[in-house]
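Asker: Provided herewith is a single structure, encoded as structure tokens, for subsequent inquiry.
The values are calculated or read from the model by the stated rules, or taken from the named source; none is laboratory data. These numbers were taken from a predicted model, which means no experiment stands behind them. Because the Cβ atoms are built from the backbone with ideal geometry, glycine has one as well, and the counts that use them run over all protein chains shown. What goes into the accessible areas is simple: the full protein's heavy atoms, side chains included, and nothing from ligands, DNA or RNA. Shrake-Rupley method; radii C 1.70, N 1.55, O 1.52, S 1.80 Å.
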Amino acid sequence: AKFELAMVKCREAMQQFPKSPLAPRSLMLMGFSYLDRGDALNGIRVFQRYIADFPESKMKEAAELALADAYVHINRFQDSLSLLEGVSLKGQNPLARAEAVYLKGDVHFQAKEFNKAVEAYQSAFEKNRNEWKNFPNAFYNTAESLFWLGQYRKSLDAYRDYLKRFPKHPHAGYALTRIGELLEILGADQSRVMGTYLETS
């Protein structure tokens, strides 16, 4: 109830003071607040309004990336990819362009288009070799995509690469478990398999 009241007050303030320099920041805060609560539809409405009302804003690309993320939550994958493509090609902020390229892989992964996800992540890495530390999920999702494609040896190598790069990432335990499964699938010695599982505990 308090959250909805706060959103109403924000909307009323922006209607009363549409030219206020605080209006763009308030809209962004509203949009991210909706996304944090899992309310993709209201998040979409807010970010669409931001992009329409403030086309010259320095934060426009951040709004477009957030809108692309919100589209994924309601399975509008093509809309998300179209936005990301635009940011990756025309974005003024180099970091936003790099993020858009990596996020295209995330969209394909969420859509279970695993071949396209692997290709997108590889392309992102090749185009933005200095930005990889900011996108650990790209390496994890690549390994997981290869697993679901049945490319078990490549998946194993990708999981090892992920753990080497991000040993303390929250998904590291899941990666070790998957490595154990892959070793078992590939017929590794049971002592190696059990050793890998034990590392996850």
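Asker: Over the stretch 47-141, how many pairs of lysines fall under 26 Å by alpha carbon, counting only those 8 or more apart in sequence or from different chains?
Answerer: 20
Asker: Let me ask something else. How much of the accessible area of the stretch 1-118, probe 1.4 Å, is carbon plus sulfur, in whole percent? Mind dumping the intermediate values first?
Answerer: Numbers: 3790 of 6960 Å².
The C+S portion of the solvent-accessible surface of the stretch 1-118 is 54 percent.
Asker: Let me ask another. Distances longer than 17 Å among the Cα atoms of the stretch 43-105: what percent of all pairs is that? Could you put the intermediate results ahead of the total?
Answerer: Values: 610 of 1953 pairs.
The proportion of pairs with Cα distances above 17 Å equals 31 percent.
Asker: Separation between the residue 73 and residue 164 pseudo-spin-labels, each 7 Å from Cα along Cα→Cβ, expressed in nm?
Answerer: 3.7
Asker: Sorted by accessible area (1.4 Å probe), largest first, how do 145, 57 line up? List each step's numbers first, then the result.
Answerer: On the way: 145 0, 57 35 Å².
Heavy-atom accessible area, descending, gives 57, 145.
Asker: Near residue 80, within a Cβ-to-Cβ distance under 11 Å, what is the net charge of the other residues, with Lys and Arg +1 and Asp and Glu -1?
Answerer: -3
Asker: Based on the Cβ-Cβ distance from residue 8 to residue 110, what FRET efficiency comes out when R0 is 41 Å, to the nearest 0.05? Numbers along the way, then the final one.
Answerer: Working: r = 32 Å, r/R0 = 0.78.
Step by step, r from the Cβ atoms, then E = 0.80.
Asker: Okay, moving on. Put a dot 7 Å past each Cα toward the Cβ at residue 126 and residue 152; how far apart are the dots in nm?
Answerer: According to this spin-label approximation, the distance is 2.9 nm.
Asker: May I ask you to give the solvent-accessible area per residue for the stretch 5-154, in square angstrom, as obtained with a 1.4 angstrom probe? All intermediate terms of the calculation are to be shown ahead of the outcome.
Answerer: Working: 8680 Å² over 150 residues.
So the stretch 5-154 comes to 58 Å² accessible per residue, rounded to a whole number.
Asker: Next question, about the same structure. Between residue 58 and residue 82, how high is the FRET efficiency from 1/(1 + (r/R0)^6) when r is the Cβ-Cβ distance and R₀ = 25 Å? Nearest 0.05. Can you show the working numbers first?
Answerer: Values: r = 22 Å, r/R0 = 0.88.
FRET efficiency, residue 58 to residue 82: 0.70.
Asker: At q = 0.09, 0.15 Å⁻¹, what log₁₀ I(q)/I(0) does the chain have when each alpha carbon counts as one equal point scatterer in the Debye sum?
Answerer: -0.44, -0.94
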